[in-house]
Structures are given as C-alpha cells and as structure tokens.
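Read the structure below first, then the notes.
No lab work stands behind these numbers, since they all come straight from the coordinates. Owing to the predicted nature of the structure, the values given are computational and were not obtained by experimental measurement. Virtual Cβ from ideal backbone geometry, glycine too; neighbours counted across all protein chains shown.
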Amino acid sequence: MKKLFVSMLCCTLFIGVAFADRSTLDDTKTRVAMPLPQPPVLDGLIDLAGGESWQYAAGAENTSSYWVMRFDENQEDYIQGARIGNGGIGPLDNTDIDVQIFVGYDSSYLYVAMIVVDDYIFTDTAAADSQNGNTWLDDAAEVFIDGDNSNYDVRDTAGSKPEGWSTGGQYVVTANNAYREAEAGNPGFGPNAPWYGICGVDGSGRLNYEFRISLSLLGNPKPGDIIGFDIAIDDDDDGGDTLENQYVWSGETHVEATYGNMILGPRSYTAPLVSTAPTVDGVISAGEYGTASEIKINPHTGNYDGVDEWELGDHDWSAWVVHTTDKLYVAVAVTDDAISTDAAAAGSVDGETWTDDSVEMFLDTDASDTNGSGGRNGNQWEGQFVMTANGAVRSAEASGAVFGANEQWFAATKTTSTGYVVEFAIPKAIMFEMKNPMGFDIAVNDDDTGARKTQLAWNGRPHTELSYGDLFLAGTDVNVWELY
C-alpha cells in the first residue's frame, strides 16, 4: 500500500485513505510530459508531418520502440509496452493492435493523443456522440489521471474516494466519438468545455485519438510535479456486448495506486561548482563529486526506448554531475547482472557501441532544442558521447570530437562487483554557445546476449534534443562560447 500514513498518535490505520504527494515517484512506470509551444488542433488528425505541435510531445519520436503498445512475439503475453486487462487473450499480430502515445502540456491543459492501428473497428454499443454509454464495449481510448498523485489503492468507479473526482478520474472517447465522463464527475465535455476529445481516421486508416483536459480538473499541477497517469485501449473485434482485449500502459483501471508516473517536465538537474576536479579513472571515490545530488534511475523511474518491463537490478543506474571552471564531469554507476561487450572492441573508436552494455551522455550545449531524431544545431562539438563497459568509445554524433585525456573529451570505465562505472570529462571550451541551462540526458544500454535488449534514459529519447532535460551549472552565468 503506497503512501499511506499510519497515525501513531491514535494507533488507528485508515484503510484506503491516501494523501497527495506530487514529488515522489511511485514504483510503477514513468514518462516525462514535455511543454508544447502552442495548443494542438483537436480535429481527429495528428499531423506530425505538417508541423502540428504534437511533434513536441513526449512520445512524438516516430519509432518502433519508444512509447508504444505493440505486438511482440518475443514477449510472454505478445504485447510490448502494456499489460493485458479485462481478461483479454492478447493480440494476434501487428495489425490487431499497435498504439503510439503522445503527451504534452501548457499552462492550461494536459494534451494526450494516440495513433491506433486496429484491423477490426466496432462501435455498436455506445451511439455516436453519446454521453456516458457503455463505451468500454467498443473500440475506445481511456485516459486515467490521479491529479494529486494521492494513490488511492481501492478500485473506485463511483466516486467513493475521500476527495471524490476533484483531481482527475477517467476520460473516454470511442472510435465513433461517443464519450464518457461519469468517472470524472461529469465536468463538462466540448470544444470550449473543461475537457474535450475526438477520434478521426488518418490517410493510413489508423484511428487518431486526441484529448485536452484542463489542469484545473487535475488540481492545477505545476511544472516539475508528478501526477498519476494511465492509458487503456479497448479492442472490440466482433461487436456485440463483449470486449476481446484491453491494453493498459501501467496498472489496473480505476486503481490510482497502480497508475504510472507522469512528470510535468522536463526534468532538471543542478551541477555544483567544485574547486577540485574529480579524477576520471572509472572509480567514484567518496566525496569526489562533492555535494552533487544523485540521479537514481531504475525500471520505475526512467524512460524506456524498447521493452519496458524488467526486474530491479537488471540495468539500474545512478549519476552525479559537477563542473569546474573549465570542464563538465559526469559519473554514472550501472548495476548490471550480465555484462556483454561483444560488438565494439575494447578501446575502439566509433563502433556499434549501442549494441553493448554502455553509457551514452547527450549535450545540447546551445539549448537549441532541435527537433527530429539525430538533430543538432550547427557543426559543433555537442551531441552524443559514449563509452562501453570495455572502454570502446563513440563521438561520431558529436562531430567526431577527438577522444583523449588532453583532447576534446575523455572518459574512463571500470567493472565493479555489481556492474560497471563510466566517468566523463568534457572541456567547456568545446561547448558551442554554451547556455545555462543546457540540454542534457543520459541513457544506459543493456546487452545480455549479443544484441541490445533495451535502453533506459533519464528524461527523453537519445538524439532528440527537444526531449532532453535541463542541466544548470551552479555558480556561473554561462552565456558565451569559444572554439577549442
């Protein structure tokens, strides 16, 4: 039972009573919603190619692995990125279900969208445009929100939780635009109402669901806050009064304690200014990183690109960041139960490091937030710096910055009893138009059997600057640059 308080004063346990906590991540799944520069047009068409602002949302990277619910024959239940709910049997193939998820926000609304591939679409239960019908028996998208992150641990569809539906609930739209808001307290639906949703069909025959939910309905969370969040996709393959499958991103529908974590991002980190530089040798000595806070990432707190259900200790990692007057230092300690480095030879340069156990560190030094996979703004030494557990390095995606102790970047690694450590040193002199804050991210690759099985990052998706977190350099007002 998460976040439940026991009153020692009166020795009474209040069963099912939860308390708001927007600063603590739960042991579920995590994603980071990114701010949108302008509201997307809710018209039933997610127009990424046309530049619609959905392209800035979390999950907008149009890949086969980032934030998806997808048929995967290698998974026990044949689904990646979701669990099967409602007694379903699971997908038959990649035409049966395939979902890409997008989440963003602005000062007034949370925006959620899904692109859904579904080979058989049925909407024979809830009439088109109707309110509060049996939407779960049709093809539909459901959004669940615990706006105060109170983690009520009892299944609630009748508003029995102490605070009622004051900070969330369930919002549903079907493939024929029936909608359901009863489990959100009927806050009001429509283009100019507190919430709105619409479904359309794009040129590829895919369902496009778009939702807009007022932050006022969610208790007015602010950037940096954590809210409970979940998505369910209902799949009705033969009509009638049965539902063949329901795919749920994180937990149990209507049980807040099982919802995933949604951080209103980006995440931020402040690196302290230190007078004594760390020794870059692959060993994190006591006190070496001063007062730097620990970034602690595990399957519950990080962002996956790939299969997202793993045991704790399989590829957990922690990181610390400091800076001196002339360099940035990043230390990453990885817990890995099976180290594999069979692709890039030890000491090699610019090999296939991503298929081995490795640490990738990303810098958007000019804070350009360039959109698109692989995007960097200009021909500068910013981008991706990589070291594997056997000391192979890669900086091809950082304009080929030269590696070496006295060159444009340096790193060192050593194995430990629980995994391995990588330490990076990046001279500030190579940081093009260095801003404070700058874009920053870390991702750890896990390879157990000769091919990468997953990748776990701090904030966003590698090589996509607009999805990175913010790195603040304390004790300095950086806004100038010089060439190395």
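Using the Cβ atoms and a cut-off under 10 Å, what net charge is assigned to the surroundings of residue 54, where Lys and Arg are +1 and Asp and Glu are -1?
-3
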Inset, instruction - Would you calculate the separation in nanometres between label points at residue 348 and residue 84, each defined as 7 Å from the Cα along the Cα-to-beta-carbon direction? - result: 4.0 nm
Legend entry - Given 296/414; 29/161; 327/453, the pairs whose alpha carbons are separated by over 31 Å: 327/453
Legend entry - Beta bridges per DSSP with both ends in region 6-264, % antiparallel, nearest 5: 90 percent
Legend entry - Total charge dipole magnitude, the chain, about the Cα centre, Cβ charges on Lys, Arg, Asp, Glu only, Debye to nearest 20: 1820 debye
Legend entry - Square roots of 5 times each gyration tensor eigenvalue, C-alpha, region 396-444, largest first, Å: 23, 15, 10
Legend entry - Linear extension gain, residue 154 paired with residue 399, 0.36 nm per residue minus alpha-carbon span: 82.9 nm
Legend entry - 3J(HN,Hα) from dihedral phi, region 301-317, Karplus parametrisation 6.51/-1.76/1.60, rounded to Hz, x for glycine, proline: 10, x, 9, 8, 10, x, 4, 10, 10, 9, 6, 4, x, 6, 7, 5, 8
Inset, instruction - Please get the size of the charge dipole for region 40-177, origin at its Cα centre, with Cβ charges of +1 on Lys and Arg and -1 on Asp and Glu, quoted in debye to the nearest 20. - result: 360 debye
Inset, instruction - Taking the Cα centre of region 6-264 as origin, work out the dipole magnitude from +1 charges on Lys and Arg Cβ and -1 charges on Asp and Glu Cβ, in debye rounded to 20. - result: 1160 debye
Legend entry - Where trypsin sites (Lys or Arg not before Pro) fall in DSSP loop in region 386-466, at most 13 other Cβ within 10 Å: none
Legend entry - Radius of gyration, Dmax [region 268-473; alpha carbons; angstrom]: 15.4, 42
Inset, instruction - Tabulate in residue order the Karplus-calculated ³J(HN,Hα) for region 207-216, using 6.51 cos²θ - 1.76 cosθ + 1.60 with θ = phi - 60°, rounded to whole Hz; enter x for Gly and Pro. - result: 6, 10, 9, 9, 10, 9, 10, 4, 5, 5
Inset, instruction - Enumerate the amide H contacts of residue 98 below 5 Å, restricted to partners 5 or more residues apart or on another chain; note that Pro and chain-start residues carry no placed amide H. - result: 117
Legend entry - ³J(HN,Hα), Karplus 6.51/-1.76/1.60, whole Hz, each residue of region 444-458, x for Gly, Pro: 10, 8, 10, 10, 9, 10, x, 8, 4, 9, 6, 9, 10, 10, 6
Inset, instruction - Please work out the C-alpha center-to-center distance from region 257-272 to region 341-366 and express it in whole Å. - result: 26 Å
Inset, instruction - Give me the number: length gained by fully extending residue 275 to residue 291, i.e. 0.36 nm times residue separation minus the C-alpha to C-alpha distance, one decimal in nm. - result: 4.6 nm
Legend entry - Relative contact order of the chain, pairs being alpha-carbon contacts under 8 Å that are 6 or more residues apart, as %: 15 percent
Legend entry - Mean Cβ count within 10 Å, highest first, over the residues of peptides 48-54, 327-333, 114-120: 327-333, 114-120, 48-54
Inset, instruction - Kindly list the residues of region 327-358 that lie in the label zone of residue 451, defined by a backbone N under 18 Å from the point 7 Å along the Cα-to-C-beta vector. - result: 340-344, 352-358
